[in-house]
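The numbers here are math on the coordinates, done by the rules we state, and not lab data. The model shown is predicted, which means the values in this text are computed figures rather than measured ones. With ideal geometry, Cβ positions are generated from the backbone for all residues, glycine too; neighbour counts draw on all protein chains shown.
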Amino acid sequence: MSQHPLVIKTSRDGLVLKQLMPDDASAYFELLDEDREHLSQHNDKTAKKYPYEAIVRDSIMSPSNPYKMRFGIWDGDTFVGMVGLKPLGNRIGETGGWTGKRFCRKGYAYVTRRALATFAIKKLGYRRIVGETHPKNTESQEMLIKVGFKLVERRDDSHHFIFVPEK
């Protein structure tokens, strides 16, 4: 892991995506632990996956997928959530993430997901960014559409979206 995290600026002053580093484990865990029920909705496994701060730190230091980029969402010194970009092959990436309950419906997910998708296409050379939501997670679906994703498939267990960047 690089000594200097990759930082992606967003359109909102002070709001950045910063590549997760071991020192971020405490902030990550505290926000996750603040409301595990919120992060367990819609069959999300994040809360169960990280029962202890040490497990968060280990996952940052030795990720199960070393090619996946994970970023903390930081508003100044406040950890708001995380967003990731996982390569799927053929220059296609998948984005996903979460926002702490107290930060929901404040535009954080919209601004940061848009910044990450744009960065992936313009700076990393991805040709397509996809996202997936639980069918009942209407807030995430609305956010993805607002960002510029298009709904391409509805399944009983998930809805699939593709990012369509502005020309």
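The table below gives the values:
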quantity: All positions within region 46-62 that are surrounded by 12 or more Cβ atoms within 10 Å (Cβ to Cβ) and free of Cβ contacts under 8 Å to residues at least 24 places away in the same chain; calculated: Ala47, Lys49, Tyr50, Pro51, Ile55, Asp58, Ser59
quantity: Those residues of region 111-167 which are farther than 18 Å from Pro87 by Cβ, part of a loop (DSSP other than H, G, I, E, B) and basic (Lys, Arg), in sequence order; calculated: Lys136, Arg155, Lys167
quantity: Some residue of region 64-80 being in contact with a strand residue (DSSP E or B) (Cβ under 9 Å, 6 or more places away or on another chain), within 19 Å of Pro165 (Cα to Cα) and either acidic (Asp, Glu) or surrounded by 13 or more Cβ atoms within 10 Å (Cβ to Cβ) (or both); calculated: no
quantity: Which listed residue, of Ala109, Ala115, is in contact (Cβ under 8 Å) with a residue 12 or more places away in the chain, under 26 Å from Leu31 (Cα atoms) and touching a Gly at 6+ places or on another chain (Cβ under 8 Å); calculated: Ala109
quantity: Residues satisfying the stated conditions in region 53-91, i.e. assigned to a strand (DSSP E or B) and not hydrophobic (A, V, I, L, M, F, W, C); calculated: Arg70, Gly72, Asp75, Thr78, Gly81, Gly84, Lys86, Pro87, Gly89
quantity: So Ala27, is it over 23 Å from Thr138 (Cβ atoms), without any contact (Cβ under 8 Å) to a residue 40 or more places away in the chain and aliphatic (A, V, I, L, M); calculated: no
